[in-house]
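Inspection log for the structure reproduced underneath, given as structure tokens.
The values are calculated or read from the model by the stated rules, or taken from the named source; none is laboratory data. None of the values given here were measured: they were computed from a predicted structure. Positions of Cβ are generated from backbone atoms using ideal geometry, with glycine treated the same way; all protein chains shown enter the neighbour counts. To get the accessible areas, we keep the full protein, side chains included, count just its heavy atoms, and leave off ligands, DNA and RNA. Shrake-Rupley method; radii C 1.70, N 1.55, O 1.52, S 1.80 Å.
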Amino acid sequence: MATFDILVTGGTLPDGTITDIGITGERITAIGNLTGSEAGETIDAAGDLVAPPFVDPHFHMDATLSYGTPRINASGTLLEGIDLWGELREEATVDEMVARALEYCDWAVSLGLLAIRSHVDTTPDHLNTVTAMLEVQERVKPYLDLQLVAFPQDGFLRTPTGRENLIRALDMGVGVVGGIPHFERTMADGATALKELCEIAAERGLLVDIHCDETDDPLSRHIEALAFETQRLGLQGRVAGSHLTSMHSMDNYYVSKLLPLIAEAEISAIPNPLINITLQGRHDSYPKRRGLTRVKEMQAMGIRVGWGQDCVRDPWYSLGTGDMLDVAFMGLHVAQMTSPQEMARCFTMVTEENAKILHLQDYGLAVGNMASLVVLDAGDPIEALRLRPDRLCVISKGKVVSRQARNDARLALPGRPESVRRRHKVPS
Ligand SMILES: [Zn+2]
């Protein structure tokens, strides 16, 4: 008779399989019918969805939970947000940034979000942002994988110490190369920045994640240069383009040339639907553009697309909880991914596809992989998107790190049920 540290019984996996999961140490050691096994702790997941943990491929941990400091973003635009952040990063201490980030990581864990890629601003010469985020990375390591991107927010070439500070951040231990070509002074400077950034990544064997064309300007075509440099330097499969919002406004003929180039370079795309729908189209009257990149068209070309969170309670976005289901829910609506297959894909995008973008090792519900999973109060992935329900139990690296009691509403209606859970099955 098998013995496990933790046994999760009777859960429904995202593909509909109903099964038990046995955990020993920090690994999944058995999946199947484990009736009769003993365990230090048994978690009854009958009727509930058991999924691999959520993964966020795009976040700004150095700015999170700073909303209203030093002021609220009055225009609601990306550019005012960048100005506000420019003030805040000079005022905020390392301790303040660490405290805010740790609080956000608590929220993330409670929601089953156990891996986050965060861009870290490398603009200020003091690099307090980098010092703070490296400390957070170390402190959350036992339960949350925090991947850091060196991000020259005010420009790699546009600021005098942009290049130098990005390299200092990499030397300090930041592991991914970032950039913002549409914020450089000219299109030509944007292309030069991308060339140098990709060369730095190639020399150091690092991944690349560029804030690319986050604008409504249809002529912002830095993604083309990014695809070219990726190919030239043999970085296929190691580069991501975040946002790509200009693609929403591009000419269709040009896009028909562009998508095959992105596919050929194996660049992943990371739209951030909560933020893109909020920040883009601000210069439009009506019709007002959505500003989300061409998600379904890229997927049809075989390009990997993952939904990112980007911001929670910071100079760019006043709301947010850290829930990747909110992100996927918004993406589903804005990209009109409403068929059953497309909705299910939205769930995969915030779990398995994002894990691939981050190059996470040992991720997923399979024997031998890291024992990290989340039990949701929903019957399947589409219901999880609809309800964005409580996370009843979150396990990270073999340890239960969060629990939440099931919380059905209690009704007081004559002749009606006493409680309601809002679940709903399609009649078969
Ligand atoms: Zn961003």
Qualifying positions in region 153-194 - among the β-branched types (Val, Ile, Thr) and touching a residue at least 60 places away in the same chain (Cβ under 8 Å): none
Go through (1) more than 16 Å from the ligand (Cβ to nearest atom); (2) modelled with pLDDT of 95 or more one by one and return the number of the condition Pro70 breaks. (2)
Restricting the search to region 219-234, which residues are closer than 24 Å to Leu148 by Cβ, of a type in the set (A, V, I, L, M), touching a helix residue (DSSP H, G or I) at 6+ places or on another chain (Cβ under 6 Å) and open to solvent by less than 20 Å² (accessible area, probe 1.4 Å)? Leu226
Working only within region 32-60, note down all residues that are assigned to a strand (DSSP E or B) and crowded, with 17+ Cβ neighbours inside 10 Å. Ala39, Ile43, Leu49, Val50, Ala51, Phe54, Val55, Asp56, Pro57, His58, Phe59
For residues in region 81-97 being buried (at least 20 other Cβ atoms within 10 Å of the Cβ) and away from the ligand (no atom under 16 Å from the Cβ), which is nearest to Asn272 (Cα to Cα)? Met97
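Here is a yes/no grid of residues against (1) in a strand (DSSP E or B); (2) β-branched (Val, Ile, Thr); (3) out of contact with any helix residue (DSSP H, G or I) (no Cβ under 6 Å at 6 or more places or on another chain):
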{"residue": "Ile382", "(1), (2), (3)": "no, yes, no"}
{"residue": "Arg386", "(1), (2), (3)": "no, no, yes"}
{"residue": "Ile395", "(1), (2), (3)": "yes, yes, yes"}
{"residue": "Ser402", "(1), (2), (3)": "yes, no, no"}
{"residue": "Gly415", "(1), (2), (3)": "no, no, yes"}
{"residue": "His424", "(1), (2), (3)": "no, no, yes"}
For Leu325, are the conditions met, namely being modelled with pLDDT of 95 or more, closer than 27 Å to Trp85 by Cα, of a type in the set (A, V, I, L, M, F, W, C) and assigned to a helix (DSSP H, G or I)? yes
Could we say that Thr123 is open to solvent by less than 10 Å² (accessible area, probe 1.4 Å), more than 16 Å from the chain's Cα centre (by Cα) and not aliphatic (A, V, I, L, M) here? no
